[in-house]
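Just below is one structure, and these are the notes that go with it.
The values are calculated or read from the model by the stated rules, or taken from the named source; none is laboratory data. For clarity, every value in this text was computed on a predicted model and none was experimentally measured. Virtual Cβ from ideal backbone geometry, glycine too; neighbours counted across all protein chains shown. Ligands, DNA and RNA are stripped out before the accessible areas are found, and what is left, the full protein with its side chains, is counted by its heavy atoms. Shrake-Rupley method; radii C 1.70, N 1.55, O 1.52, S 1.80 Å.
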Amino acid sequence: MHKLQEIFANYYTEDIFHSLPVFHQKVANDILRCQSGAFGSTEISCGVCGNQKTAMNGCGNRYCSGCQKSKGAEWAEKQKLKLLPSVNYFMVTFTIPEEARNCFHNNQQECYDDLFRCASQTIIEMLSDKENLGVKNLGFFGVLHTGGRTMNFHPHIHFVVPNGGLSDDLCEWQNGRADKIFDVKVACEIFREKIMAELSAFRTTYPDLDTVQEKGWHVRADAMGSGENLLEYLSRYLFKSVIAESNILSWHDGKVCFQYRKKTSNQLVKMTLTADEFLRRFFYLVLPKGFRKVRHYGFLSARPLKTIPEMVEIISFGIISKKEVTPKKKNESTAIRCEKCNSTKVTMDYTKPSQQKVVQVE
């Protein structure tokens, strides 16, 4: 059993089960049944040394920390293949004020959609301004995080934005500055105006929204060089469930102890919560069923005007040699290997579960 699974096995009670919505119950049931045989098994056979091993399948739930361990590195390597040469990347972060968090949590689907829409529109408006980049054919993506370092509710979106774009005729690439993408103060004002217009229907129910018409809704832009370190940073948060397995230290006597890094000093500190509070914070950060927390725009969307190889060709024309722009190859470090001889010549035979059963909490 992995750490989060053991915490659920010890402290997930019937009272908690019946207090949760159906989707949250499914998340808990998946975590409890992970690698127990309830999701089938896989027979792994090596074609070189003949070694065989049977592994119980994981639940695959995105909130199961046991199933998310290897996905972060795989996602980062895949995204690195889309990075453009000689382009400066920025992490642009949009954060909501504390006064708006209650509204967002109680109306997650609509408010998170509004947050993505208003933030992406702000980036496009800022970069299309001639005082900044001055082009409209952009490509970027955003990753929604709902929690802070202490598992508190703290919604924000990190956007991976190249400071460059294509000309109107899609034939020329224009690069921006390496140290600045746009004026964040102006971006804050634009973002605040857009998001407040979207949330106008909620202001009667949530009067705290009236207090953030002239403040909050922060925008931050950090230069991240070629973008590789940024992708690795995001991958650690995107695939860590609500809390990373490595940050869970202990659980006993009805308490759970975990560690996190202080934002001011980057030092590791410990926090201890009651098991009930730990589980409450966990479920508080679970997104609505089927919600897409990663969204792509422009030439990184599903139907781009120009593909990544075409973009590389445009950017590299007359700037760098063909040898330097050879498309990056897929990293082979994530390939399945035999644990005995390290060969990649392995076959996997999947066996489906005989029957799916829901865990009943006693």
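Kindly establish whether S265 is within 30 Å of V27 (Cα to Cα), open to solvent by less than 80 Å² (accessible area, probe 1.4 Å) and among the hydroxyl-bearing types (S, T, Y).
Working: within 30 Å of V27 (Cα to Cα): no; open to solvent by less than 80 Å² (accessible area, probe 1.4 Å): yes; among the hydroxyl-bearing types (S, T, Y): yes.
So S265 fails the test.
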message: Criterion first (in a loop (DSSP other than H, G, I, E, B), open to solvent by 40 Å² or more (accessible area, probe 1.4 Å) and either free of Cβ contacts under 8 Å to residues at least 24 places away in the same chain or of a type in the set (G, A, S) (or both)) does N229 satisfy it?
response: no
Residue list for the stretch 83-96, filter: buried (at least 21 other Cβ atoms within 10 Å of the Cβ) and closer than 14 Å to I308 by Cβ: L84
Output for the stretch 27-82, where each listed residue is in contact (Cβ under 8 Å) with a residue 60 or more places away in the chain, assigned to a loop (DSSP other than H, G, I, E, B), in contact with a helix residue (DSSP H, G or I) (Cβ under 6 Å, 6 or more places away or on another chain) and open to solvent by 30 Å² or more (accessible area, probe 1.4 Å): K82
- prompt: Pick from F140, F116, F104: which is surrounded by 16 or more Cβ atoms within 10 Å (Cβ to Cβ) and in contact with a helix residue (DSSP H, G or I) (Cβ under 6 Å, 6 or more places away or on another chain)?
  reply: F104
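Restricting attention to the stretch 284-297, does a residue exist that is modelled with pLDDT of 90 or more and either open to solvent by 90 Å² or more (accessible area, probe 1.4 Å) or out of contact with any Phe, Trp or Tyr (no Cβ under 9 Å at 6 or more places or on another chain) (or both)? Break it down into steps so the answer makes sense when it comes.
Going residue by residue through the stretch 284-297, those that are modelled with pLDDT of 90 or more are 284-287, 291-297.
Among the residues that remain, those that are also either open to solvent by 90 Å² or more (accessible area, probe 1.4 Å) or out of contact with any Phe, Trp or Tyr (no Cβ under 9 Å at 6 or more places or on another chain) (or both) are: 292.
Taking every residue of the stretch 284-297 in turn, at least one turns out to be modelled with pLDDT of 90 or more and either open to solvent by 90 Å² or more (accessible area, probe 1.4 Å) or out of contact with any Phe, Trp or Tyr (no Cβ under 9 Å at 6 or more places or on another chain) (or both).
Just a yes or no: is a residue in the stretch 61-81 over 20 Å from the mean Cα position of the chain (by Cα) and either within 22 Å of V346 (Cα to Cα) or not small (G, A, S) (or both)? Even if it seems obvious, please write down each step before you answer.
Applying the first criterion (over 20 Å from the mean Cα position of the chain (by Cα)) to the stretch 61-81 yields none.
Within the stretch 61-81, none of the residues are over 20 Å from the mean Cα position of the chain (by Cα) and either within 22 Å of V346 (Cα to Cα) or not small (G, A, S) (or both).
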- prompt: Which of (1) open to solvent by 50 Å² or more (accessible area, probe 1.4 Å); (2) in contact with a helix residue (DSSP H, G or I) (Cβ under 8 Å, 6 or more places away or on another chain); (3) more than 20 Å from N229 (Cβ to Cβ); (4) at pLDDT 90 or above does H24 not meet, given it meets every other one?
  reply: (1)
